[in-house]
Structure formats: structure tokens, C-alpha cells
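The values are calculated or read from the model by the stated rules, or taken from the named source; none is laboratory data. Predicted model only: the values in this text are computed from it and were never measured. All Cβ positions, even for glycine, are placed from backbone atoms using ideal geometry, and neighbour counts span all protein chains on display. Quick note on the areas: whole protein, heavy atoms, side chains included, nothing else; ligands and nucleic acids left out. Shrake-Rupley method; radii C 1.70, N 1.55, O 1.52, S 1.80 Å.
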Amino acid sequence: MAVTVVRGRGGPEAGSRGGCGRGVRAAARRNHPNVIAVYDVGQDGLSNFIVMEYVEGTDLRDVIREEGALAPERVVEIGSQIAAALEFAHRSG
């Protein structure tokens with residue numbers, strides 16, 4: 001499990017009582033292999049947070065830093081996973 005504090009301008013609408021909170025809670029009810037599971041959102045004082053699945057590994061930024069320019073096959077592999085996640089999110093509403 002990982003907890004991320006969301007920085008920026010945010011009042012209750014960004015936390016657990018509406019706005020982004022509703023969207024995150026709706027996403028938490030969905031499951032897809034290319035989408036990190038979100039368990040909860042909340043607010044503690046002026047800080048908003050998201051509780052989500054912890055996935056061990058390397059993010060895309062670090063992959064590019066380590067590997068440099070990616071081979072076309074690798075770009076297709078990564079791009080296909082991103083496209084599948086986006087399709088799922090849009091289809092799910």
C-alpha cells in the first residue's frame with residue numbers, strides 16, 4: 001500500500017467529499033492489470049491524500065533515463081499498455 005499526499009490548491013472538493021474524491025472512489029471499484037488500484041482518498045486538515053496499491057518496479061521516466069532512446073518494439077510494448085489502461089478508464093466512465 002502507498003499513500004500519496006496531493007499538493008496544490010484543494011479544498012474539500014479535492015478530498016473525500018466530492019469532486020476528485022468521487023472519481024477516485026469510482027476508479028477504486030474497477031480493476032485492470034495496467035491501472036494501479038486506488039483504495040481510498042481523504043483529507044487531513046488542508047492535505048488531501050490517496051491510498052493506493054504499491055507496485056514495486058521502475059517508472060517510465062527512470063526506464064528512459066537508464067535505457068536512453070527506446071527501441072521501437074519497446075515503445076510499442078509500453079504504448080500498448082498505456083493505451084489499454086486509457087481505453088479501460090474511458091470505457092469505465
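Within the stretch 49-73, the residues that satisfy the criterion of being over 21 Å from the mean Cα position of the chain (by Cα) and open to solvent by less than 70 Å² (accessible area, probe 1.4 Å) are 68, 70, 71.
Quick check on my filter: what residues within the stretch 34-71 are in contact with a helix residue (DSSP H, G or I) (Cβ under 8 Å, 6 or more places away or on another chain), part of a loop (DSSP other than H, G, I, E, B) and not polar (S, T, N, Q)? Within the stretch 34-71, 35, 37, 70 meet the criteria.
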